[in-house]
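The values are calculated or read from the model by the stated rules, or taken from the named source; none is laboratory data. Here the structure is a predicted model, which is why all the values come from computation and not from measurement. Glycine also receives a Cβ, built like all others from the backbone with ideal geometry; neighbour counts cover every protein chain displayed.
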Amino acid sequence: MPSPSPASQVAASATSGEWRIAGPGILDVPILLYHHIDPGRPPGKFNVTPAQFELQVQSLAAGGFQSITPANLRQAVLHGAPLPARPIIITIDDGHENAYVYAYPILEKYGFDAVIYVVANRLWSTGCLSAEQLIELSEAGWEVGSHSMTHADLTTRVGRELRREIFGSREQLEASLGQEVPSFAYPFGAFSPEVAGQVRAAGYQTAMGLGTSTLQGRGNLYYLSRIPVNGSWTVSEFAAAVGFDIRP
C-alpha cells in the first residue's frame, strides 16, 4: 500500500453526493488516458505503476471527483443532464490485462469506474483481456468501447479496410460481449473528417482523441480531449494536469 495518502493535502474538495443538472453547452470534464498499469514496466508515457496509480486515484477521491461515462457527458452537453459536482472520465486504452489485474481493484476501492477501449482482434491474446473479463468489468460499472480492429492509424485506411476497423470492431465486440459498444477511441489520436464521419455512421455516440483541455462540448463529441497521464509525474503534477490543487 502506498503512503502517505494525499487525501489530507487537497486544498479544496468538492462535495460528492447528489448529482445536479449540468449543461447544455460546454462543460469542464477532465478525461484521463492511461495505457498500462503495470509494476513490471518503467513509469513513463505509456505506463503508470499501480502504486502511483493509487496515489492519483486517492487524490481524485479526496478532491471530490466522481466518475461518469461518455454517455453521461454527451447527454449533458447536448440536452442538460445530472452530473456530479466534479465529474471525470477515466479511460484505459488497448485492452491490456493489467487493467483488470491492477487498475480495477484500485478504482473499485475508491468508488470509481473506467472506460476500457479494446482492440477487437486482440481479445484473448496473451497479455490482453478476455471477453469474460470485459463482461465482469462491465457488470462492475465499466464501459467497454472500441479502439479499432487492429490499432491501425485510421487516416491511412480507406474503403473496406476503414469500415472493418470502425464498423467491424464494433460488431465483433458486441457479438463477443453481448452488449452495446457505444464509444470509440482513435488509435494514436489520428483523426480526419472522413474517419470521424465513419465513426458517426457506425453508430458510436462519442469518440476519444487527445489534448490537454478539460473543456468538452458539442463541437468535439467526436474528438473529446483526453489528457495522457505520464507515470513520471508527481501527484502535484498530476493534479495540475487535471485542474485541481494540492498543497505542497
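The figures follow:
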| item | result |
| --- | --- |
| Qualifying residue in region 18-28 (condition: more than 14 Å from Phe238 (Cα to Cα), within 18 Å of the chain's Cα centre (by Cα) and at pLDDT 95 or above) | yes |
| Residue list for region 215-248, filter: polar (S, T, N, Q), within 17 Å of Gln75 (Cα to Cα) and either surrounded by fewer than 18 Cβ atoms within 10 Å (Cβ to Cβ) or without any contact (Cβ under 8 Å) to a residue 60 or more places away in the chain (or both) | Asn220 |
| Matching residues, region 89-100, being in a helix (DSSP H, G or I) and touching a residue at least 40 places away in the same chain (Cβ under 8 Å) | Asn98, Ala99 |
| So Leu134, is it under 15 Å from Ile92 (Cα atoms), in contact with an Asp or Glu (Cβ under 9 Å, 6 or more places away or on another chain) and either crowded, with 16+ Cβ neighbours inside 10 Å or of a type in the set (Lys, Arg) (or both) | no |
| Residue ID - surrounded by the fewest Cβ atoms within 10 Å (Cβ to Cβ), chosen from residues in region 163-201 that are within 24 Å of Gly141 (Cα to Cα) and of a type in the set (Gly, Ala, Ser) | Gly178 |
| Residues within region 33-47 that are among the hydrophobic types (A, V, I, L, M, F, W, C) and out of contact with any helix residue (DSSP H, G or I) (no Cβ under 7 Å at 6 or more places or on another chain), tallied | 2 |
| Gly211 being free of Cβ contacts under 8 Å to residues at least 24 places away in the same chain, among the small types (Gly, Ala, Ser) and exposed (fewer than 15 other Cβ atoms within 10 Å of the Cβ) | no |
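Condition check ((1) more than 20 Å from Arg164 (Cα to Cα); (2) in contact with a His (Cβ under 9 Å, 6 or more places away or on another chain)) across all residues:
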{"residue": "Ala185", "(1), (2)": "no, yes"}
{"residue": "Phe188", "(1), (2)": "no, yes"}
{"residue": "Ala196", "(1), (2)": "no, no"}
{"residue": "Val199", "(1), (2)": "no, no"}
{"residue": "Thr212", "(1), (2)": "yes, no"}
{"residue": "Gln216", "(1), (2)": "yes, no"}
{"residue": "Asn220", "(1), (2)": "yes, no"}
{"residue": "Leu224", "(1), (2)": "yes, no"}
{"residue": "Asn230", "(1), (2)": "yes, no"}
